[in-house]
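Quick notes on the structure that follows.
The values are calculated or read from the model by the stated rules, or taken from the named source; none is laboratory data. Note that the structure is predicted; figures quoted are calculated from it, not measured. For neighbour counting, all protein chains shown are included, and Cβ atoms are generated from backbone atoms with ideal geometry for every residue, glycine included. Surface accessibility is based on the protein's heavy atoms, side chains included, excluding ligands, DNA and RNA. Shrake-Rupley method; radii C 1.70, N 1.55, O 1.52, S 1.80 Å.
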Amino acid sequence: MRDKNVLYIGSFELPDKDAAAHRVLGIAKALRECNNRVYFVGADRGSKTSQDLCNIRTTKKEVQGFECYSRVYPGNSKAWVGYLFDIRPYIEVLDYIGDINAVICYDLSAISLEKIRRFCKRRNILCIADNTEWYSVAGRRFPVNVIKGLDEFFRMRIIHKRLDGLIVISSYLKRYYKKCKNVIRIPPLTDLNEEKWINKYEKDKRVLRLVYAGAPGRKDRIDYLIRAVGGLNRSYRLDVIGITKDEYLKLYSGHEDIVNRNDNIKFHGRISHREVLEYVKKANYSCFFRDRSRVAMAGFPTKFVEAISCGTPVISNDTSDLLKYTEKGNGIILDSADLKSIRKVLETVPVLQKVNRGRFDYHNYIGKINEWMNIS
C-alpha cells in the first residue's frame, strides 16, 4: 500500500465538526507522510441541497491539503435509507479521481460496507475498515433496535473479517480481530502543529478547575461527576459543556438541589469545538466517567486525547486503553466510578500534574503505519 492513492469514506464532517473528522484527518496525515495521496468523501449537515439534486463532484474542496468531497446529510427517513445503503456517490468520486488503490471505510453500515467490499474486489482495490465503535442497541426502540442489532452483527462479526485490513481504535477490538489479516491499533490522533492545541494559559493554583466536555447519554455518566463535586470540601469550579442546566435536570430530575444551589457548577450548553478547547486548556483536569460496558471498552474517548494534547490531565475510570496512557502522568484512572472513589480523588488530587502533550501526535505513529502499509 506504499505510494498509493487512498479514498477515505464515511459520515465524518471535515474539517472539525465531529470526533470522526479529527480521527480520519490524523490518520490521513500519517498516510501522507508515507508518500500516499489521500482523498475524502465525508458528509455535510449544513447543505440545503437534496442529495438527488447534488452532483457530488461539485462539492470538491480542500481541507489541510486534502482533496475532499461530501454527501448531503439526510433530513428524513427516505433520505436516510438512501444514505445508508447507496454507495454510488463513493463510486462516482472513485471513478472521477481514478487510479484508487485502497478504500478506507469509516464505520459504514453493514450493507454499504459489503457493497464496497465486493466492488473493490472486482476492481482489485484494497478494502479496509476504520473501526472505532461497537455500538449497543440498549435504549433503542423497536424496530430500530432490531435493525441496528442486525447491522452491528453482520458488520462486526462477519464483514470486517473478510476485508483486506482493519484499523482499530482499541486493544479490545484488536484482540477480537486477532485472527484477521493486517490489523493495526491506532488511537485518536492530533496534529500539535495546529495552532488550536497551543495552551497559553497558566493553570490555577488556588482553585481546582474541572471541565466536562461531551454529549451525556449512552456513554458518559456526568451524573457521577455532579454528585461527587456536590460534596467537595475544597475550592473548585466545574464547567459543563455540551448540555444546558435544563437539559441536565430533565435527565436527572433528582439533582435540583445539587445544581441549583451550587454556584461552582457552570453549564454552557453546546459551543464550538474551538471554544471547548479553550475551557479544556484552562482546566486543571478534564473529567468524565463511563460504565464498563462493551461500548466503552471497544471505543476510545476522543475527549481524553484532546485534553492531553491541550496539556490538561484527565480524571476518569478504567475503560478502553486509558491505563496505557497514564502510567507516567497524564492523569488519574480509577478502578471504578463509584461516588466514594471519585470524591476521594477530587478531594486530594494536586492542582498540577505532568502531561505528555505529544502522546497522541500523529508524527509518533508514522513509522507504525508505514510498517503496516508494507504488509497490506
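Here are a few things to note about the model shown:
- Pairs, first among the aromatic types (Phe, Trp, Tyr) in region 255-281, second open to solvent by 70 Å² or more (accessible area, probe 1.4 Å), C-beta under 8 Å, six or more apart: PHE267/LYS245
- Counting only residues that are outside any strand (DSSP E or B), within 24 Å of GLU275 (Cα to Cα) and either free of Cβ contacts under 8 Å to residues at least 40 places away in the same chain or polar (S, T, N, Q) (or both), region 18-43 holds 2 of them.
- Residue in region 121-139 that is loosely packed, with under 14 Cβ neighbours inside 10 Å and within 20 Å of SER293 (Cα to Cα) present: yes
- Residue count for region 279-293 satisfying the condition of being surrounded by fewer than 18 Cβ atoms within 10 Å (Cβ to Cβ) and farther than 18 Å from LYS324 by Cα: 2.
- All conditions in (1) more than 13 Å from LEU84 (Cβ to Cβ); (2) over 21 Å from the mean Cα position of the chain (by Cα) hold for GLU114, with the sole exception of (1).
- Tallying residues that are open to solvent by 70 Å² or more (accessible area, probe 1.4 Å), part of a loop (DSSP other than H, G, I, E, B) and either closer than 20 Å to ILE27 by Cα or not basic (Lys, Arg) (or both) within region 167-186 yields 1.
- Selection of region 51-65 for residues being surrounded by 11 or more Cβ atoms within 10 Å (Cβ to Cβ) and either modelled with pLDDT under 90 or out of contact with any helix residue (DSSP H, G or I) (no Cβ under 6 Å at 6 or more places or on another chain) (or both) yields GLN51, CYS54, THR59, LYS60, LYS61, VAL63, GLN64.
- Pairs, first part of a strand (DSSP E or B) in region 283-309, second of a type in the set (D, E, K, R), C-beta under 7 Å, six or more apart: SER286/LYS303; ARG290/LYS219; ARG290/ASP220; ARG290/ARG221
- Selected residue (criterion: most open to solvent (accessible area, probe 1.4 Å)) from residues of region 91-106 that are farther than 15 Å from LYS121 by Cβ and under 23 Å from the mean Cα position of the chain (by Cα): TYR106
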